[in-house]
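The values are calculated or read from the model by the stated rules, or taken from the named source; none is laboratory data. Keep in mind it's a predicted model, so treat the numbers as computed, not measured. Using ideal geometry, Cβ is built from the backbone for each residue, glycine included, and neighbour counts are taken over all protein chains shown. For accessibility, only protein heavy atoms count, side chains too; no ligands or nucleic acids. Shrake-Rupley method; radii C 1.70, N 1.55, O 1.52, S 1.80 Å.
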Amino acid sequence: RSQIAYSQKDFSNYMFSNIDSFARSVVYENDIYKLTTQLTANYFNEVEKARSIFIWITENISYDYKFVNKGKEIKSPSCDESKDCSIKLKDWENNYINKVLEKKKGICDGYSRLFKRMCEIAGLKCEIISGRARTEPYQVGNPTSVNHSWNAILIDSSYYFLDATWAAGFCTKDEETEKLVKFQKQYNNYYWLTPFKKLVRNHYPENGRWVYEENYPKEKFFQNPYYAHGVIESI
């Protein structure tokens, strides 16, 4: 368990409006390093750099609901722990991230990998978190498998949670077919530097390192009530 989580600062009153406006104006020119430098060069602290990257991603990357409807999964190449294997995996991830940028769409895996990579380029320490996310009322009381990924970023020696996928917008669903029919871009600041007590309403990390509350097993998460989109932000 990470002990540094308990010294988190409160950024809720931090004014990000100028950073947000600037980030939304930056155009991707087929170079992730140039993009990241443009987004972060004018800022000197970690939270401002992270915010600029986060806003750009939520503004420019759409959720690939058509990929999800096909029932596909992102599969990285499987190999051993050798040097050649690590190179192979790195090449695969580079190509994958570049495709997310080129197509301007991805699923949670794409959002979280892209955010982590851009943070690394900017000199920020970031981790990808795999876990369970609740999206439907029927999931209350029912065990769910690992089905989502988001990020934790180190700011001033403490890790903070954020979810660029859910912050970018939401999908509407056909009630008869259960298929996703549209991605609605709508920025949701609830998933920016979200305190664990709020995040755990619909996210639960697979790795206990990221469970920042004592005596909060996944079974307790399964019993949490369902919060609809547009409601959870006001609670």
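Please indicate, with yes or no, whether at least one residue in the range 143-151 is open to solvent by 20 Å² or more (accessible area, probe 1.4 Å) and either charged (D, E, K, R) or under 15 Å from the mean Cα position of the chain (by Cα) (or both).
The answer is yes, given that some residue of the range 143-151 is open to solvent by 20 Å² or more (accessible area, probe 1.4 Å) and either charged (D, E, K, R) or under 15 Å from the mean Cα position of the chain (by Cα) (or both).
Inside the range 110-131, can you point out the residues that are of a type in the set (S, T, N, Q), open to solvent by less than 10 Å² (accessible area, probe 1.4 Å) and part of a strand (DSSP E or B)?
none
Within the range 97-105, is there a residue that is within 21 Å of LYS125 (Cα to Cα) and either open to solvent by 60 Å² or more (accessible area, probe 1.4 Å) or over 16 Å from the mean Cα position of the chain (by Cα) (or both)?
Yes, that holds for at least one residue.
Can GLU127 be described as closer than 21 Å to PRO205 by Cα and at pLDDT below 95?
no
Would you check which residues across the range 140-158 are in a loop (DSSP other than H, G, I, E, B) and within 15 Å of ARG201 (Cα to Cα) and list them?
Step one: filter the range 140-158 for residues in a loop (DSSP other than H, G, I, E, B), giving 140-147, 156-157.
Those that are in a loop (DSSP other than H, G, I, E, B) and within 15 Å of ARG201 (Cα to Cα): VAL140, GLY141, ASN142, PRO143, THR144.
If we keep just the residues of the range 1-58 that are of a type in the set (Val, Ile, Thr) and in contact with a strand residue (DSSP E or B) (Cβ under 6 Å, 6 or more places away or on another chain), which is modelled with the lowest pLDDT?
Applying the filter and picking the extreme gives ILE4.
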